Amino acid sequence: MRKTTIPAVVTTFVVCFAFWLLLTWSFATQELIAGAVISLAVALFSARFFIHEKAFWFCNPVKFFNGLFYWLCIFPVELVKANVDMAKRCFGGCKKINPGIVKVPVDLKSDYGQAALANSITLTPGTITMEITEEEGQTYYYIHWIDVTAPSGKEAGDAIKGTLEKGLRRVWE
Amino acid sequence: MTVRIIADVLIAIGAIFALAGTIGILKMPDPYSRMQASTCIPTLGMLGAMLGALLIAIFCKEDAGTAVKIAVIALLILVTNPLGSHAIAKGAYKAGIRPEKKMDVDDLGRDLYE
């Protein structure tokens, strides 16, 4: 089992306390103290599940702004494109579909990067990540795709997640 | 006043995408395609409605607490929705549910569940 380290506890505490502030939205001393105590208790118990890699990753400003750019610019554009495409299919009577499950290689190495990419793919209408496997050091996703236009492999990967993966590589590699 | 109009337009856009997702759920031929269509609802359908509500809360009601709670709700839906989709799709596939019309490409069935 992974050991609880002090940087991991600090990071988890900051995240929990920020969330407490957002939910209560009050700055009375009593509430702040109660929030701090509860956040510290939660951080002590759950830090080793929450932090898997370097704890102060986002203190690097370049990575932080790349992450901000990804979540505020790259991803919403892809989301709107996929949504309009899916809405057209739905209003057109749901006839123009060709569903299938393809296997695509993924080059991201870190746990967080892979999780973020899988969730981004699932959140885009038209593609759902169903399984992740690793074969000989190379990670593969099995993706259910509503309109298969390319066979499995690099080509399908570029069509599904080319832009997303490029954006995420700047954040986590 | 202009802010109110923009907010109403955003909510209407969200409603249109939610309608598209609902039509997809009712008319798509198999469970996985239905799940794909339903993803329209928690992404642009929800985001449109939440952005509209956020604008109203900030500029018309001028209530910071409500605005922050709306933002947190939108964030939580965006974070939890893919986890649910992924688990349901994988569970359905493991339970042996297959589309009636056979899929042209089915690498998951070929590799893991033969």
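Which of the helices (runs of 4 or more DSSP H) found entirely inside region B:1-58 contain at least 1 residues meeting this: farther than 24 Å from A:Ile128 by Cβ?
Values: elements: B:2-27, B:31-38, B:46-55.
Once the helices (runs of 4 or more DSSP H) in region B:1-58 are filtered for at least 1 residues that are farther than 24 Å from A:Ile128 by Cβ, what remains is B:2-27, B:46-55.
Across region A:93-111, the number of residues qualifying as within 14 Å of chain B (Cβ to nearest Cβ) and not in a strand (DSSP E or B) comes to 6.
Tally time: how many residues in region B:79-98 are at negative phi and more than 7 Å from every other protein chain (Cβ to nearest Cβ)? So that I can check it myself, show each step before the final result.
Taking region B:79-98 and keeping what is at negative phi, we get B:79-95, B:97-98.
Next, only the ones that are more than 7 Å from every other protein chain (Cβ to nearest Cβ) stay: B:79-80, B:83-84, B:87-88, B:91-92, B:94-95, B:97-98.
So the count comes out to 12.
The residues listed here are A:Tyr112, A:Tyr140; of these, the one that is touching a Ser or Thr at 6+ places or on another chain (Cβ under 6 Å) and over 24 Å from B:Ile13 (Cα atoms) is A:Tyr140.
Checked against (1) at pLDDT below 85; (2) in the same structural domain as A:Trp145 (by TED's automatic domain parsing); (3) in contact with a helix residue (DSSP H, G or I) (Cβ under 7 Å, 6 or more places away or on another chain), A:Lys95 passes all but condition (3). Can we say A:Thr139 is free of Cβ contacts under 8 Å to residues at least 60 places away in the same chain, in a loop (DSSP other than H, G, I, E, B) and farther than 18 Å from B:Ile88 by Cβ? It is false that A:Thr139 is free of Cβ contacts under 8 Å to residues at least 60 places away in the same chain, in a loop (DSSP other than H, G, I, E, B) and farther than 18 Å from B:Ile88 by Cβ.
Which one is surrounded by the fewest Cβ atoms within 10 Å (Cβ to Cβ) among residues in region A:31-48 that are of a type outside the set (D, E, K, R) and under 24 Å from the mean Cα position of the chain (by Cα)? Give the derivation first.
First pass over region A:31-48, keeping only residues of a type outside the set (D, E, K, R): A:32-47.
Those left that are additionally under 24 Å from the mean Cα position of the chain (by Cα): A:39, A:42-43, A:45-47.
Details: A:Ser39: 20, A:Val42: 18, A:Ala43: 22, A:Phe45: 12, A:Ser46: 15, A:Ala47: 23.
It comes out as A:Phe45.
Within region A:121-134, the set of residues being farther than 23 Å from B:Leu112 by Cβ and assigned to a helix (DSSP H, G or I) comprises just one member, A:Leu123.
Do we find a residue being under 18 Å from B:Met35 (Cβ atoms), out of contact with any helix residue (DSSP H, G or I) (no Cβ under 7 Å at 6 or more places or on another chain) and either at pLDDT 85 or above or β-branched (Val, Ile, Thr) (or both) anywhere in region A:70-85? Yes, the conditions are met somewhere in region A:70-85. Quick check: anything in region A:142-149 out of contact with any helix residue (DSSP H, G or I) (no Cβ under 6 Å at 6 or more places or on another chain), at pLDDT below 85 and either surrounded by fewer than 16 Cβ atoms within 10 Å (Cβ to Cβ) or within 9 Å of chain B (Cβ to nearest Cβ) (or both)? Yes, that holds for at least one residue.
Can you find even one residue in region B:47-65 that is surrounded by 15 or more Cβ atoms within 10 Å (Cβ to Cβ), under 23 Å from A:Asn83 (Cβ atoms), at pLDDT 85 or above and touching a Gly at 6+ places or on another chain (Cβ under 6 Å)? The answer is yes, given that some residue of region B:47-65 is surrounded by 15 or more Cβ atoms within 10 Å (Cβ to Cβ), under 23 Å from A:Asn83 (Cβ atoms), at pLDDT 85 or above and touching a Gly at 6+ places or on another chain (Cβ under 6 Å).
The values are calculated or read from the model by the stated rules, or taken from the named source; none is laboratory data. What you see is a predicted model; the values in this text were computed from it and never measured. All Cβ positions, glycine included, derive from the backbone under ideal geometry; neighbour counts span all protein chains shown.
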